Structure formats: C-alpha cells, structure tokens
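Please read the structure below before turning to the comments.
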C-alpha cells in the first residue's frame, strides 16, 4: 500500500511534515486541545520519569495509530471503542512489562500512571479522530507528532520543576555548591503537585501571548 | 470502623484525585463551566467509583493477584495474573458503566435524564481507572475498605469540580489577561486550590 504512495508523494512532503510538526506547536495536545492532562502532570517532579513517560506514550500512540489505521476498514463502527481500548490496553501492558524488566526503579516511580496511559484522552482522541479515517503512514506521523507534542510539554514542565525544586537536572546537581553556601535554597514548593498545574498555566500563557489566534473568548 | 472513616476522609482531602494526582483532569477542565452540570458529573463519578472499585477489588483478590486462584484448586497456587489487570479493569469499568446506565434508565428516568449524558464520558475518565489501580497498589485489606476508598475519592472529585465551576462562573466578570483566559487561568486556579487543600496534609482520625 505504501509503496504506491511513495511514488506519488515523497515520504516527507510538506503535507506529511505538517502532520508531524503542527501538533508539537500550534495544535499541542496538552496546551491547546486539552487532552491527556490527567497523566501528564503527576510524573513531572523529575526529568527522568517524565522522559520515560513521554517515551512510553510515543510508543503506544504511534503503534496504536498505525494498527487501528490498518484495521480501520474491518472494524464495525458500533464496537470501535472496544476494539480501540483492547489495542491500547494490550500495548500498554507490553510497555509496562518492558519497563518493569529494564527500568524497574522508574517503573516504581511512575506507579499507576503507566496503566493510566490506557485512559489517556490523547490516544483515544487520535485513534477516533485520525486513525479511523486515514492511511497508515499519515497515522504514523500524526501519532508521532501528537505524542511528541505531549512529551515536549512534559519535559519542559519536568525541567523547571527539577531545576527549581531540587537544583538538579537528570539527577546531576547543576546549581553550584557555592550558591547554597551563600544561602540559596531549593524551592520546596516546586516539588509539590499543585505547582505542576501552575507551570502548565504559565506555559499556556506564554504560548498564547505569542500566538494571538489561540486566545479564548471568555 | 475507625479505619474506614480514616480512609474515607483521607481520600477526600489528602489524596484528592484532582489536587494530588491530577486524575480525571480532562473532564474536569471540559465540564467545569457551570456549577449545575459539574455537580451532575461529580455525582455520576461518585456513583461509578463506588461500584467499580469494590468490583475490581473482588476481581483482583479472587482472580488476578499472585496465588488468588487457590479457591479453585490448590495447584494454581503459583499462578500470577497481575499483568492482566489493566485490561480486566478497563473491561469491568466499561461494562459496569453500561450496566449502571441501563439500570438507571429502567428504574429512574429523572436520574437518567440528569446523569445519562455523563455516564458514557466516564468510562474513559482517568479517575475511575486510577481509583482501581490505586486500590490495587495500596493493597486494601477488605471489601469495606475498598468501598470506602472508592466513595471517598468520588466525593473528593465532586468537591474539586464544583469548587472550580463556582470560581469559573465568577471569574467571567473579572479582567483576566487575554492570553490567560479560559484554560490558562483554570490551570492556575486549580493549582492554588491544590495548595489550599495541602493544609489537610497529615490529618489522621
């Protein structure tokens, strides 16, 4: 199927590149579409779990998008939600088992949030809105783009929370010891859950003041 | 008895689904524009959580956890099906939601009219699956404890969504900076409410 298309349209034409890049910026799943906020915030205390979480979502969303797109003509519309849930749940179980085997500590930190990828609205939303109506290669790029948009926000939030909250990045101390001797203190508030919400709020603020067309009415 | 009350209070105020774990944020942000609809959704969440958490508790205890199948035959003692829990829980939740919807439709049409539209939304609400997964992770000892946890989490969720809806109704009249309007300010208010809820930390009955 895809070989035909390669002849007609190069794999990375402008249209395809747009599918990949728009969700990262202008139509970001978290800050614009407000999808998948649920599992996004709780894992952002440190950079490492946030990165692993983002990677898991990339894997699950991309594969699920391609699979559903391949199956889209065989799925009866009445039971499509169940089919989608089964595909997602199976992929999440795989990711969970891989994490438990190769990155046990991170998997313990993520605890229930790996399981919650199943109910992550981004995944259901993309499967329903995009993969059910588009070809596998388009769906692959769309899945990758949306998951990357999710991951970018996760990593930005985690970067600031770890830097300001514990003075480290990826577990390595970056604030020089001299600052602490001088009386600098880590902001303990950044580690607490509510600050994740406020950091996302500020990101939305910055993004919307640069992109005027995203501003809401009331 | 006291431990039940303790779990109940703890899951409302300290381990609040929204302020401590951000579960169910999608519907929380989307449906919190007016107090009336958000109260309807909140009640539906309490309802579904109070049913699915105990059911998932039984499933987990008698089917999934390590050595749970011994009640069928002692030779299953080393079978561990925990890896199936995600798919089991989501299937239970989806079917329970469907069942609850049908029962309500049959017996109380007024309740159906007020909750009906929210029930399908709830099947993919992270708070519901989250409730079951936390129940599994925290290893509650009895059915009563699991039920009290489910109820408490639901009540906590209702409190949060009604609170934010009330604030959003009022904030419409204030002069919020344009880029923050709508989503941005809602995030920040939720953060501030979360900080307020943190004063409950450490309460123990």
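What to note about this one:
- Restricting region A:131-167 to residues that are in contact with a strand residue (DSSP E or B) (Cβ under 9 Å, 6 or more places away or on another chain) and surrounded by fewer than 21 Cβ atoms within 10 Å (Cβ to Cβ), the residue that is nearest to residue A:180 (Cα to Cα): A:167
- Filter result for residue A:68 (closer than 15 Å to residue A:129 by Cα, touching a helix residue (DSSP H, G or I) at 6+ places or on another chain (Cβ under 6 Å) and not in a helix (DSSP H, G or I)): no
- Meets criteria (outside any loop (DSSP other than H, G, I, E, B) and either crowded, with 16+ Cβ neighbours inside 10 Å or within 14 Å of another protein chain (Cβ to nearest Cβ) (or both)) for residue A:179: no
- Close pairs from region B:96-109: first surrounded by 12 or more Cβ atoms within 10 Å (Cβ to Cβ), partner part of a loop (DSSP other than H, G, I, E, B), Cβ under 9 Å, at least 6 apart: B:96/B:123; B:97/B:123; B:98/B:123
Okay, residues lined up against (1) within 14 Å of another protein chain (Cβ to nearest Cβ); (2) over 30 Å from residue A:212 (Cα atoms):
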| residue | (1), (2) |
| --- | --- |
| B:124 | yes, yes |
| B:132 | yes, yes |
| B:139 | yes, yes |
| B:148 | no, yes |
| B:152 | no, yes |
| B:155 | no, yes |
| B:162 | no, yes |
| B:178 | yes, no |
| B:200 | yes, yes |
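- Residue within region B:51-58 that is more than 25 Å from residue A:200 (Cβ to Cβ), assigned to a helix (DSSP H, G or I) and at pLDDT below 85 present: no
- Of all residues in region A:96-121, those satisfying the criterion of being more than 21 Å from residue B:127 (Cα to Cα) and either in contact with a strand residue (DSSP E or B) (Cβ under 6 Å, 6 or more places away or on another chain) or more than 7 Å from chain B (Cβ to nearest Cβ) (or both) are A:98, A:99, A:100, A:101, A:102, A:103, A:104, A:105, A:106.
- Filtered by the rule that a residue be within 13 Å of chain B (Cβ to nearest Cβ) and either within 12 Å of the chain's Cα centre (by Cα) or touching a residue at least 12 places away in the same chain (Cβ under 8 Å) (or both), region A:57-79 gives a lone residue, A:60.
- Taken as a whole, the condition of being within 14 Å of another protein chain (Cβ to nearest Cβ), surrounded by 16 or more Cβ atoms within 10 Å (Cβ to Cβ), without any contact (Cβ under 8 Å) to a residue 40 or more places away in the chain and not in a helix (DSSP H, G or I) does not apply to residue A:198.
- Check on residue A:144, part of a helix (DSSP H, G or I) and within 14 Å of another protein chain (Cβ to nearest Cβ): no
- Failed criterion for residue A:17 (all others in (1) in a loop (DSSP other than H, G, I, E, B); (2) closer than 15 Å to residue A:142 by Cβ hold): (1)
- Condition met for residue B:41 (crowded, with 19+ Cβ neighbours inside 10 Å, in a helix (DSSP H, G or I), within 17 Å of the chain's Cα centre (by Cα) and within 14 Å of another protein chain (Cβ to nearest Cβ)): no
The values are calculated or read from the model by the stated rules, or taken from the named source; none is laboratory data. Keep in mind that this is a model prediction, so the values were computed, not measured. All Cβ positions, glycine included, derive from the backbone under ideal geometry; neighbour counts span all protein chains shown.
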